[in-house]
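Trainee: I'd like to ask some things about the structure below.
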Amino acid sequence: MLQQLRRRRRQADGDVELLAVVADNGPEDATIGRATQELVWKAATSLSVRQYTVLTLMLREKFTSSEIADVLGVSTNHAHQLEHRAKTALRNAVGTIQNTRRADRYGSRRIT
C-alpha cells in the first residue's frame, strides 16, 4: 500500500525544485534554501523513527493525514496528533542545532 501511495503522490525531486528557486530568485536564495533543507533533515535524524517517518510522509511524499493514518494503522485524528508532535520535535531539534552552532562560533560567551 505504501508503494502505491508513493507512486501516486511522488512529485519532482529536490534538484528540480532547486532549479525553480534559482530561476525565480537567483543562486543566493537557492543556496540558502539548500542549507535550510540540510539543517532541517539533519535535525530530523535526531527524532524517533516514528516521528521521522511521519515527517517524511508529510514533507517528502506529500501524504495527507488520512494517508499517513492508513500507512501507520492509526485513526486520522491520531495521525494529526503525530504530525503536530513531529513538527514540534523537529522545531526543537533545529533550535538545538542552531544554538550549538552559535555557541561553537562565539565560544563560551553567553548568547542573548
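The values are calculated or read from the model by the stated rules, or taken from the named source; none is laboratory data. All values reported here derive from a predicted model rather than from experimental measurement.
Trainee: Tell me yes or no: at least one residue of the range 74-97 is outside any helix (DSSP H, G or I) and modelled with pLDDT of 95 or more.
Mentor: Yes.
Trainee: Mind listing just one residue for me: the one in the range 98-112 that is outside any helix (DSSP H, G or I) and either of a type in the set (Gly, Ala, Ser) or under 30 Å from Arg50 (Cα atoms) (or both) and, of those, modelled with the lowest pLDDT?
Mentor: Ser108
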